[in-house]
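The values are calculated or read from the model by the stated rules, or taken from the named source; none is laboratory data. None of the values given here were measured: they were computed from a predicted structure. Quick reminder, even Gly has a Cβ in these numbers, built from the backbone with ideal geometry, and neighbours come from all protein chains shown. Please note that ligands, DNA and RNA were not included when accessible areas were found on the heavy atoms of the full protein model with its side chains. Shrake-Rupley method; radii C 1.70, N 1.55, O 1.52, S 1.80 Å.
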Amino acid sequence: MLERKVVSPEYMFFEAPREKKYLIGNEAVAEAVKRANVDMVISYPITPQSEATHIVGDIYAQGYVKDYYRGEDEFNVMSAMAGAAMGGVRAFTATSGPGTLRAFEMFPCWAGERLPIVCAFMTRGVNSPLTIQPDNIEIGWLADTGMLIFHAEDPQDFFDMILQAYVIAEQPDVHLPVGVCADGFFVTHTREIVELTPEDEMLPPYDPSVSPVVTMDMETVPVRHMKDPFVMKSNYISYNTHASWQQEVRAAAERARKYITRYMGSPVEVVHPGAEILFMASGTAAAQARVAMERMRAEGIDIGLVKIKVIRPFPEKEITELAEVPRIIIIPEHNITGWLARDIKSRVNNNAKIYGGPRVFGGMTMPPEMLVEETKKLLLNLVTA
Amino acid sequence: MEALKVSPGFEKILPQEYQELVEDGPYGRGLAVKDLGTFKEVIEEHPLCAGCGLGLAIRLILASLPDPGNTIIVGTTGCNSIVMPQVAIHNIHALFGNQSSVASGLKRALRLRYPDKTKDVVVIAGDGGVADIGLAPTMHSWFRRENITTIMLDNEGYSNTGGQESGMTRQGVVVNMAPVGKKFPKIPLHEIAKAAGCAYVATVTPARARRLGQMAKRAILIARDIGPTYVQIFCPCSTNYKFPPSETLKRAKETEITEYMSPEAQEFIEKIEKESQSRGGKE
Amino acid sequence: MYVCRDWGGQGMVTAANLLGMAAVNDGNYSIVIPFFGAEKRLAPTESYVRISSQKVYEKGEVGYPDVIMVFHPEVITKGKCYTMPFYYGLRPNGWLIINAESPLLSEEDARSIADLNVRVLYVPASRIALDVAGTELATNMSLLGGLAGATDIVTLEGLEKAISQRFGGGKFIASATTAALDDVLKKKYAKTQELLEKNMAAIRKTCEFVKNSPSADSTPS
Amino acid sequence: MSTLLGFPKNGYKVVPGPETYLSPSAAAMGVVLPNEGEALIEGDIVPEEVAYEEIANRLLSARNPTLFPGPLVLWAWSEKAVAKARALLEMVGEVPGMKIIPMPDYRPKYPMINPKVEINPNHPNLTIWHNNIDVCVFVGVHCHFANLALKIIRAGTDCYTIALCGQRGHEDAMITLRDVHAEEVMDLTDTIRKVKMERLSC
């Protein structure tokens, strides 16, 4: 193990030199975990996530992570993650599709218990019929758990977002879990150039004493604390407390906006904002839309792109404002439900200009050629209508 | 005891019960069941049914903790979880059945944060939580040799949800969800525990108060250094088994008292109990 | 942008990674992505490589490749329903590089390919691998040499550096089956240096073969 | 801006209630926590000196000012906690008639609370009502539970709430300071003394 030094998040994100490496997304995850100064990792195999936690296992063996084990299933891995976070350590795990669903009961609990866990979701199709292929339908479900949700476009995003996630998650006024999502295979198994911060620099350790809830160690502070539910009485007081508790979890997500702006620049990336037509997309759909946009611009079509990096808290203000200008908004997605279109439509005044699609799912690729073709068909339809 | 101190000037501002906990609580004093009645207990009162075997069992366990100032309890859904908020020790209500995995993560985290200190993590959960919905994490915590103690409060059914059959219900018993009688025998979890790697396994009842206390204490001490431990406490449920509350202890005596220690655990216990006696300890 | 699609199950995922690494060594941008079904050897599989002098954003399957490389002739002769036709999406004026001793296209396929003005190159990659490197496991290397000989997508220097990055003892993350094959390959050679040299020899030999081959620059008949 | 119950309002003010059936969290209504050197008064960001003065005025004008110290200052779990507790007692001594009612922990009280001697984050209104508290100060309460309590108080009582937060502050209080440790408590005590003097000389 290299001797390492602690650096501030500001230095690591904005000043540290970067070295170019040719990596797959899952390797980039492990590189992020190494630099995030993670205490504990619990793993469970599922494709396409497994390689990431294999490699994290290797860095544990080298001494970069203090504890690591393979749990018995995803629900119990997420439960043990909660136990670790309640005990006051920085924890990491990852899962995919069916594993996400198997574990689902824990995600609202992480949020409700204000645990700053970071979990990577390498999204994939959900059975049945069996598929292991890319599809991000699970993000739509995760979006309502109270967790913060980021969506990576490529291995570089995946690396950066995991580090940013810990810093944002552990702010005392936020202190919420973060799901860092990336489309399986399209990011996890894609090898490309990733710019890494120095291997011998890591984030400061987690300080459980700033937690907005009691750390379960009988010390900070001692005596008599129960986590968490109000099973005592069925009466107005219990209901009111529970309702207020849920509001507070959502309030914490609101507070995250300030830190998202500080550490991620913005929850959205905008290319050609004044364009007549805008793609709005997240994850690898944004990558495909980027290519389609360039090809259409070369043909003289006035089209731009809004890449949505943060799904929760949803960038409402940004989306509402950006949606004012274009005549047409097209939302390509890698799932059949269209959760992003749903989110955007609920924040835009004129829904008539929003086209939720094309959607590609079940492992299929979204070729830029198809996006170009579909966009042109749409424009032709509008002209003839 | 280092942890439980009041900030100067606030001693008399605390409500009476906290003042008593600070002045006369069991923290750091090495007390046991025989000392009950001479100190301020970490449990005030409980909202359980009259004649509930659980209430007494929990009281005895809490009085037997080797180091209540450094103990964290992990529980799960069930009658015991409505007692736990009354306990002056950190306790976690996990989801239904995942108590052993929460405890695994917690124990490991505390070991990282306090390498020079022992923090006891004790799972206290019902029979449904341990043997049915939570069987996999319970057994995997044993397979992994986690340093935690699992205590099952066995009232032979799901009492908090209205008295349904559990895996620990006896064969032939007619209860909810077993309308024609349970069709398979009580799960022999104490036998399974030995095969699964527990260094210490005991079955007991609150009708044997001191024995229960001794077993809980041994289980927690062995779990610190040697391996996982399991104590199964038979706590009959007068509400759902429909017998008079006054008969609880009589029925509780029906169960067999057993104790198993691995050779390593045996050697360890003999050593520390001898040391304790030679110091005139309170065992 | 050059786009390649590989077929076979003969070290093809490794070849795709080497190709991408070589392109990066040459100063280009590259994205490599394998296609995965449930993993097992000799199942039909694909790997996609995109190479450009500009940053590459596009992800996923390459639907419209400029080059298709076939690592095992049975991909063509015994094609499965989900792999046929094997040249689907190939762009006009592209390349088809096939590991085979002699032509094996059906009349119908040959006609369709001719309509696309695609250049077809048969490379005895497995034979060269056996002759030069002493194992058919180096077939993938031979084919990379074929690509370098026929096109200017990568340089031999880039490939040489990639091979030493891949097998030279540094950490390379391969998925389970590929990792297991790596171990088999490493056991065949006494020293890493020998492995590197033999692989490079297979690449060079095929590169020369292709450069001297009359079909290299010819349009298909 | 969004709310979980009711509708968004422009310029939402965090003022004494009773507000509504289930009042929204101030964060959901667009109230943002202060940056370093700043504070919040009724949802608006102000320089922290302004908030110090306002707190002093509110406390000195109160009929029944009360300090609610939480576990982070009640228990001597660190040296900083002890120092802050000392500073708080000194502050209370400067405010005529100020009482202390502790929040020793956060579990819901069963079967009932004695609102005369303690306050609980799950039903803090009971203690406010019982003791007729018109101005209260939260300090040393874990942020999550402080926010719960402050919101429930705003929903159901007309008490003016002040939070001296060791972290980033509380939008759900009518006045909040952030980064309050022993030294800042002493600064606040100085401000209280100064305002008292000014009031005497008026």
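Suppose we keep only residues that are open to solvent by 20 Å² or more (accessible area, probe 1.4 Å) and within 13 Å of chain A (Cβ to nearest Cβ) within segment D:114-128. Which one would you say is farthest from A:Thr220 (Cα to Cα)?
Applying the first criterion (open to solvent by 20 Å² or more (accessible area, probe 1.4 Å)) to segment D:114-128 yields D:114-117, D:126.
Pick out the ones that are also within 13 Å of chain A (Cβ to nearest Cβ) and you get D:115, D:126.
Details: D:Pro115: 26, D:Leu126: 27 Å.
Result: D:Leu126.
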Within the bounds of segment A:71-83, is there any residue that is polar (S, T, N, Q), in a strand (DSSP E or B) and in the same structural domain as A:Glu31 (by TED's automatic domain parsing)?
no
How many of the residues in segment A:116-156 are more than 18 Å from A:Ala36 (Cβ to Cβ), within 14 Å of chain C (Cβ to nearest Cβ) and touching a strand residue (DSSP E or B) at 6+ places or on another chain (Cβ under 9 Å)?
8
Consider segment B:1-47. How many of its residues are of a type in the set (Phe, Trp, Tyr) and not in a loop (DSSP other than H, G, I, E, B)?
1
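Test of understanding: among C:Val118, C:Val67, which residue is modelled with pLDDT under 95 and within 13 Å of the chain's Cα centre (by Cα)?
On the way: C:Val118 fails: within 13 Å of the chain's Cα centre (by Cα).
Just a single option satisfies the conditions, and that option is C:Val67.
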Hey, any hits in segment B:205-219 for a residue that's buried (at least 21 other Cβ atoms within 10 Å of the Cβ), touching a Ser or Thr at 6+ places or on another chain (Cβ under 6 Å) and not in a helix (DSSP H, G or I)?
yes
Which residue out of A:Pro204, A:Pro208 is crowded, with 20+ Cβ neighbours inside 10 Å and either at pLDDT 95 or above or among the basic types (Lys, Arg) (or both)?
A:Pro208
Of all residues in segment A:345-359 being part of a strand (DSSP E or B) and open to solvent by 30 Å² or more (accessible area, probe 1.4 Å), the one that is farthest from A:Asp157 (Cα to Cα)
A:Tyr355
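If I ask for residues that are open to solvent by less than 10 Å² (accessible area, probe 1.4 Å) and either touching a Ser or Thr at 6+ places or on another chain (Cβ under 7 Å) or not in a helix (DSSP H, G or I) (or both), which ones from segment B:188-198 would you list? Can you show your working first?
Kept after step one, since they are open to solvent by less than 10 Å² (accessible area, probe 1.4 Å), are these residues of segment B:188-198: B:189, B:193, B:196, B:198.
Result: B:Ala196, B:Cys198.
Here is a yes/no grid of residues against (1) surrounded by 23 or more Cβ atoms within 10 Å (Cβ to Cβ); (2) modelled with pLDDT under 90; (3) farther than 19 Å from C:Arg91 by Cβ:
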position	(1), (2), (3)
C:Met1	no, yes, no
C:Gly20	yes, no, yes
C:Asp26	no, no, yes
C:Val49	yes, no, no
C:Ser52	no, no, no
C:Gly63	no, yes, no
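Looking only at segment D:76-116, which residues are closer than 30 Å to B:Val83 by Cβ and in contact with a Phe, Trp or Tyr (Cβ under 8 Å, 6 or more places away or on another chain)?
The answer is D:Ala81, D:Ile101, D:Pro102, D:Met103, D:Pro104, D:Tyr106, D:Pro108, D:Pro115.
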Are there helices (runs of 4 or more DSSP H) fully within segment D:2-97 with at least 3 residues that are open to solvent by 50 Å² or more (accessible area, probe 1.4 Å)? List them.
D:48-61, D:79-94
Which numbered condition trips up C:Asn93, out of (1) modelled with pLDDT under 90; (2) polar (S, T, N, Q); (3) in contact with a Leu (Cβ under 9 Å, 6 or more places away or on another chain)?
(1)
Can you name the number of the only condition in (1) within 14 Å of chain B (Cβ to nearest Cβ); (2) over 30 Å from B:Asn91 (Cα atoms); (3) crowded, with 18+ Cβ neighbours inside 10 Å that D:Lys109 fails?
(2)
Odd one out for B:Asp132 among (1) surrounded by fewer than 24 Cβ atoms within 10 Å (Cβ to Cβ); (2) in contact with a helix residue (DSSP H, G or I) (Cβ under 7 Å, 6 or more places away or on another chain)
(2)
Within segment B:95-115, which residues are in contact with a Ser or Thr (Cβ under 8 Å, 6 or more places away or on another chain), open to solvent by less than 10 Å² (accessible area, probe 1.4 Å) and at the interface with chain A (Cβ under 7 Å from one of its Cβ atoms)?
B:Asn98, B:Ser101, B:Val102, B:Ala103, B:Ser104, B:Gly105
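Could you look through segment A:87-113, keep only residues that are part of a helix (DSSP H, G or I) and open to solvent by 10 Å² or more (accessible area, probe 1.4 Å), and pick out the one that is farthest from B:His90 (Cα to Cα)? If you could, list the steps in order and put the result at the bottom.
Our first condition is that a residue be part of a helix (DSSP H, G or I); within segment A:87-113, this holds for A:97-102, A:106-112.
With the extra rule that they be open to solvent by 10 Å² or more (accessible area, probe 1.4 Å), the set shrinks to A:98, A:101-102, A:108-109, A:112.
On the way: A:Pro98: 34, A:Leu101: 30, A:Arg102: 29, A:Pro108: 22, A:Cys109: 18, A:Gly112: 18 Å.
Applying the filter and picking the extreme gives A:Pro98.
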Select the helices (runs of 4 or more DSSP H) contained entirely in segment A:1-62, then report the ones holding at least 2 residues which are modelled with pLDDT of 95 or more, open to solvent by 10 Å² or more (accessible area, probe 1.4 Å) and under 30 Å from A:Pro98 (Cβ atoms).
A:25-35, A:50-61
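Right, B:Gly167: surrounded by fewer than 20 Cβ atoms within 10 Å (Cβ to Cβ), modelled with pLDDT of 95 or more and at positive phi or not?
Considered against the rule, which asks whether it is surrounded by fewer than 20 Cβ atoms within 10 Å (Cβ to Cβ), modelled with pLDDT of 95 or more and at positive phi, B:Gly167 comes out as no.
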Filter segment B:117-142 for residues that are touching a Phe, Trp or Tyr at 6+ places or on another chain (Cβ under 9 Å) and in a loop (DSSP other than H, G, I, E, B) and give the result.
B:Ile133, B:Gly134
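Among the residues of segment A:75-83, is there at least one that is under 22 Å from A:Thr123 (Cα atoms), within 12 Å of another protein chain (Cβ to nearest Cβ), of a type in the set (Ser, Thr, Tyr) and within 18 Å of the chain's Cα centre (by Cα)?
Taking segment A:75-83 first, the residues under 22 Å from A:Thr123 (Cα atoms) are A:75-82.
Still in the running and within 12 Å of another protein chain (Cβ to nearest Cβ): A:75-82.
Still in the list and also of a type in the set (Ser, Thr, Tyr): A:79.
Imposing the further condition that a residue be within 18 Å of the chain's Cα centre (by Cα) reduces the set to none.
Checked against the condition, which is being under 22 Å from A:Thr123 (Cα atoms), within 12 Å of another protein chain (Cβ to nearest Cβ), of a type in the set (Ser, Thr, Tyr) and within 18 Å of the chain's Cα centre (by Cα), segment A:75-83 yields no hits at all.
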Tell me, yes or no, whether segment B:48-70 has at least one residue that is open to solvent by less than 10 Å² (accessible area, probe 1.4 Å), among the charged types (D, E, K, R), free of Cβ contacts under 8 Å to residues at least 60 places away in the same chain and not in a helix (DSSP H, G or I).
no
Report, by residue number, each residue of segment B:81-93 that is at the interface with chain A (Cβ under 8 Å from one of its Cβ atoms) and either open to solvent by 30 Å² or more (accessible area, probe 1.4 Å) or among the polar types (S, T, N, Q) (or both).
B:Ser81, B:Ile82, B:Asn91
For a quick check of your reading of the model, give me the residue pairs whose first member lies in segment A:363-374 and is more than 17 Å from A:Ser282 (Cα to Cα), whose second is open to solvent by 30 Å² or more (accessible area, probe 1.4 Å) and among the aromatic types (Phe, Trp, Tyr), with beta-carbon atoms closer than 7 Å and at least 6 apart or on different chains.
A:Glu369/C:Tyr64
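Quickly run through segment B:63-80 and pick out the residues that are within 14 Å of chain D (Cβ to nearest Cβ) and within 12 Å of the chain's Cα centre (by Cα). Steps first, please.
To start, the set of residues in segment B:63-80 that are within 14 Å of chain D (Cβ to nearest Cβ) comprises B:69-70, B:73, B:75.
Selection gives B:Ile73, B:Gly75.
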Would you say A:Met122 is assigned to a strand (DSSP E or B) and surrounded by 24 or more Cβ atoms within 10 Å (Cβ to Cβ)?
yes
